[in-house]
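Report on the structure given below.
The values are calculated or read from the model by the stated rules, or taken from the named source; none is laboratory data. All of these numbers come straight from a predicted model, not from anything done at the bench. A quick note on method: Cβ atoms are made from the backbone with ideal geometry, for glycine too, and the neighbour counts reach across all protein chains shown.
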Amino acid sequence: MSKAPLYVRIERELRARLAGARPGDTVPAESVLATEFGVARMTVRAALNALESDGLIERIQGRGTFVRQRPEPRAAGTLMSFHDQVRGWGRTPRSRLLEGEVRAASAAEAAALGLTAAAPRVVSIARVRLADDVPLAVEYACFPAHLSALLDLDLEAGSLHHALHGLGLRPTLGSSTLTAQRAGTDGERLHVPADEPLLVETRLIVDQHSAPLEHTVSRYVGARYDLRVTFDVRPPGTGESR
């Protein structure tokens, strides 16, 4: 028998039902679900709160609770600004600024950006990225120190990529590494437990002159953000034996 709390078991059952629902479908009221599962409304509310935090449902005062449109996956081989991506979903992008400063570069940041000074520095911008106030990711971005003008921008409502274009720089090519890590201290910022697995994308973007422009680590809540990967299948016998 499952030892998970009641609300977690109810959340899992509702999550399974939502997988087959359509955007805009009505979610039964708390009182209806409480009767179905034989629990208090408070228990049902905790399950619905978790689903709402993951962006799977939305509550509209005076109307009820509805299945929310899940964002279209981002093609892993393409990167558009978060701002434009969220607007493309029909949702409102916003950021919550955690850090914006010029600071000493870490060894990994200096190597990624090709900084060769004895004590290299970077423009560091850390933000929680939200869609309709649902936190999707914590983003740790750094840029060469001569781009300190980025710190004068509205870093909560604006787009860094739009700002870079305004400075005459065009993010052109990039490469990413995908890993999975525990949320840790970012869990509170993303409204998930500290042991929640996150999708972590570490990327480097170069400008139109092939100069390193941006090194970013984005930590996404997997239940709220998808990447679509297209790949070639190598015929058997063409690679190393296993």
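Numerical summary
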{"quantity": "Tally of residues being touching a Leu at 6+ places or on another chain (Cβ under 8 Å) and either part of a strand (DSSP E or B) or free of Cβ contacts under 8 Å to residues at least 12 places away in the same chain (or both) across the stretch 184-201", "calculated": "4"}
{"quantity": "Test: Thr216 is touching a Ser or Thr at 6+ places or on another chain (Cβ under 8 Å) and surrounded by fewer than 19 Cβ atoms within 10 Å (Cβ to Cβ)", "calculated": "no"}
{"quantity": "Of all residues making up the stretch 173-185, the number that are surrounded by 13 or more Cβ atoms within 10 Å (Cβ to Cβ) and closer than 22 Å to His209 by Cα", "calculated": "2"}
{"quantity": "Single residue of Ala21, Ala34 found to be modelled with pLDDT of 90 or more and of a type outside the set (Lys, Arg)", "calculated": "Ala34"}
{"quantity": "Flag for Glu196 being more than 21 Å from Pro144 (Cβ to Cβ), modelled with pLDDT under 95 and of a type in the set (D, E, K, R)", "calculated": "yes"}
{"quantity": "Residues that are outside any strand (DSSP E or B) and not small (Gly, Ala, Ser), drawn from the stretch 171-183", "calculated": "Pro171, Thr172"}
{"quantity": "Search result, residues across the stretch 144-165 that are closer than 25 Å to Pro120 by Cβ and of a type in the set (Gly, Ala, Ser)", "calculated": "Ala145, Ser148, Ala149, Ala163"}
{"quantity": "Complete set of residues in the stretch 219-236 that are touching a residue at least 12 places away in the same chain (Cβ under 8 Å), β-branched (Val, Ile, Thr) and either exposed (fewer than 12 other Cβ atoms within 10 Å of the Cβ) or farther than 25 Å from Leu56 by Cβ (or both)", "calculated": "Val229, Thr230"}
{"quantity": "Single unsatisfied condition, Leu56 versus (1) under 21 Å from Ser148 (Cα atoms); (2) modelled with pLDDT under 90; (3) not basic (Lys, Arg)", "calculated": "(1)"}
{"quantity": "Inter-residue pairs, beta-carbon under 7 Å, first under 14 Å from Ala104 (Cα atoms) and in the stretch 140-152, second among the hydroxyl-bearing types (Ser, Thr, Tyr) and surrounded by 18 or more Cβ atoms within 10 Å (Cβ to Cβ), 6+ apart", "calculated": "Ala141/Thr216; Cys142/Ser124"}
